[in-house]
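Novice: My structure is below; once you've seen it, I'll send some questions.
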Amino acid sequence: MIKLAQQSMRLVMFMVLFMLVVFSSISTSAIGKSDVKPKAVRIIALAPHIVEMLYAIDLGDNIIATLEHADYPEAAKAIPRVGNYAQLNIEAIVALQADVIIAWKTGNPDADIQRLKQLGQTVIYSHPQRLVDVANEIESFGMRFGNADAANVKADEFRQALQQLQASYQDKAPVTVFYQLWPQPLTTVAGNAWPQQQLDLCGAENPFKNADNDYPQINIEDVLVANPQLIIYPTSRHSNESMSINWQQYKNLDAVKHKQMLRPDADILHRMTLRLPSEITKLCEQIDQSRQVYDALNNGVRVN
């Protein structure tokens, strides 16, 4: 009996010691994980909209380089530049030793991107094609870089804003709109073009929507024949005003006769970011004001 009791006591002591060792290991491991901060991901963002997306989910400080015209938020202006939409500075990009490069699928020179890949650079893409893709990409970046919770909140807010716009304007009477994307050569929008999706949200009718490509080049005569009720020509801080078309000389156009001309901010409308819903809301409201002008004219009310 005594011998059996001693064996039992030794077994109990062994188990106690074993649990103490295990507990100590777990505690040490947990402390180690909490004390060691993950390495900050160094990102090169090769488009202004990518920069905005990253700042929106608190990753702006991770950006070590970008391209010209990345100007929002204000802090983005201080980020070093490694090229522009036409050409990337390959040598400068490689020298920065980024962990990842986020390229714009349709907005960066493909030859330069392929060269970066050949040089061993890690490249992922931003490729928003639909308005809702802004939310999808925000979520994707948030998950990849560790800010999923913040990204999911922003993405949900973006989707809800688009849904509200759709609900507000989908049953409105159409307003015939000419959207001047670029003056020389005169270029408009159609199909699945980024601005065309915004016009659809606002209940605007584009006479060139069914053109063969998303950004068709047309003649002024085509606009005169279409006789739009409203002309929209977004302007940018980077645009060349000397190239502008003087639409006021075409006095037979309904848009000119009734003073229905809009100049929204191209730097927001044409950039795939979380600022879009508020700017599209302004656009829809302005289009709706034109709608009211023509409703009044159709009812015999004189509009100044």
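The values are calculated or read from the model by the stated rules, or taken from the named source; none is laboratory data. Predicted model only: the values in this text are computed from it and were never measured. We place every Cβ from the backbone using ideal geometry, glycine too, and count neighbours over all the protein chains shown. Note: areas computed on protein heavy atoms with side chains; ligands, DNA, RNA excluded. Shrake-Rupley method; radii C 1.70, N 1.55, O 1.52, S 1.80 Å.
Novice: Give the residues of the stretch 97-111 that are open to solvent by 30 Å² or more (accessible area, probe 1.4 Å) and either in a strand (DSSP E or B) or in contact (Cβ under 8 Å) with a residue 24 or more places away in the chain (or both), sorted by residue number.
Specialist: Once the filter is applied, which keeps residues that are open to solvent by 30 Å² or more (accessible area, probe 1.4 Å) and either in a strand (DSSP E or B) or in contact (Cβ under 8 Å) with a residue 24 or more places away in the chain (or both), the stretch 97-111 yields Gln97, Asp99, Trp104.
Novice: On the given criteria, is Lys154 of a type in the set (D, E, K, R), under 22 Å from Leu230 (Cβ atoms) and touching a residue at least 24 places away in the same chain (Cβ under 8 Å)?
Specialist: no
Novice: May I pose another question? For Gln217, state whether it is under 23 Å from Arg130 (Cα atoms), touching a Ser or Thr at 6+ places or on another chain (Cβ under 6 Å), surrounded by fewer than 18 Cβ atoms within 10 Å (Cβ to Cβ) and not aliphatic (A, V, I, L, M).
Specialist: Considered against the rule, which asks whether it is under 23 Å from Arg130 (Cα atoms), touching a Ser or Thr at 6+ places or on another chain (Cβ under 6 Å), surrounded by fewer than 18 Cβ atoms within 10 Å (Cβ to Cβ) and not aliphatic (A, V, I, L, M), Gln217 comes out as yes.
Novice: Using the structure shown, decide if Ala155 is touching a Ser or Thr at 6+ places or on another chain (Cβ under 9 Å), open to solvent by less than 30 Å² (accessible area, probe 1.4 Å) and of a type in the set (Gly, Ala, Ser).
Specialist: Considered against the rule, which asks whether it is touching a Ser or Thr at 6+ places or on another chain (Cβ under 9 Å), open to solvent by less than 30 Å² (accessible area, probe 1.4 Å) and of a type in the set (Gly, Ala, Ser), Ala155 comes out as no.
Novice: Continuing with this model, one more query. Of everything in the stretch 270-304 that's assigned to a loop (DSSP other than H, G, I, E, B), of a type in the set (S, T, N, Q) and free of Cβ contacts under 8 Å to residues at least 60 places away in the same chain, which residue is surrounded by the most Cβ atoms within 10 Å (Cβ to Cβ)?
Specialist: Asn299
Novice: Only one of these is open to solvent by 50 Å² or more (accessible area, probe 1.4 Å), over 24 Å from His69 (Cβ atoms) and in contact with a Leu (Cβ under 9 Å, 6 or more places away or on another chain): Leu224, Leu201. Name it.
Specialist: Leu224 is the lone residue from the list that is open to solvent by 50 Å² or more (accessible area, probe 1.4 Å), over 24 Å from His69 (Cβ atoms) and in contact with a Leu (Cβ under 9 Å, 6 or more places away or on another chain).
Novice: Test Leu181 against the criterion of being closer than 27 Å to Gln129 by Cα and crowded, with 17+ Cβ neighbours inside 10 Å, and give yes or no.
Specialist: Yes, satisfied.
Novice: Let me ask something else about it. Among the residues of the stretch 72-96, which ones are among the charged types (D, E, K, R) and either more than 24 Å from Asn147 (Cα to Cα) or buried (at least 16 other Cβ atoms within 10 Å of the Cβ) (or both)?
Specialist: Residues satisfying the conditions are Arg81, Glu91.
Novice: Right, here's the next one. Select from the stretch 54-71 the residues that are more than 16 Å from the chain's Cα centre (by Cα) and charged (D, E, K, R) and write down the one among them that is least open to solvent (accessible area, probe 1.4 Å).
Specialist: Glu68
Novice: Filter the stretch 246-269 for residues that are within 30 Å of Glu52 (Cβ to Cβ) and in contact (Cβ under 8 Å) with a residue 12 or more places away in the chain; which is most open to solvent (accessible area, probe 1.4 Å)?
Specialist: Filtering the stretch 246-269 for residues that are within 30 Å of Glu52 (Cβ to Cβ) and in contact (Cβ under 8 Å) with a residue 12 or more places away in the chain, the one most open to solvent (accessible area, probe 1.4 Å) comes out as Arg263.
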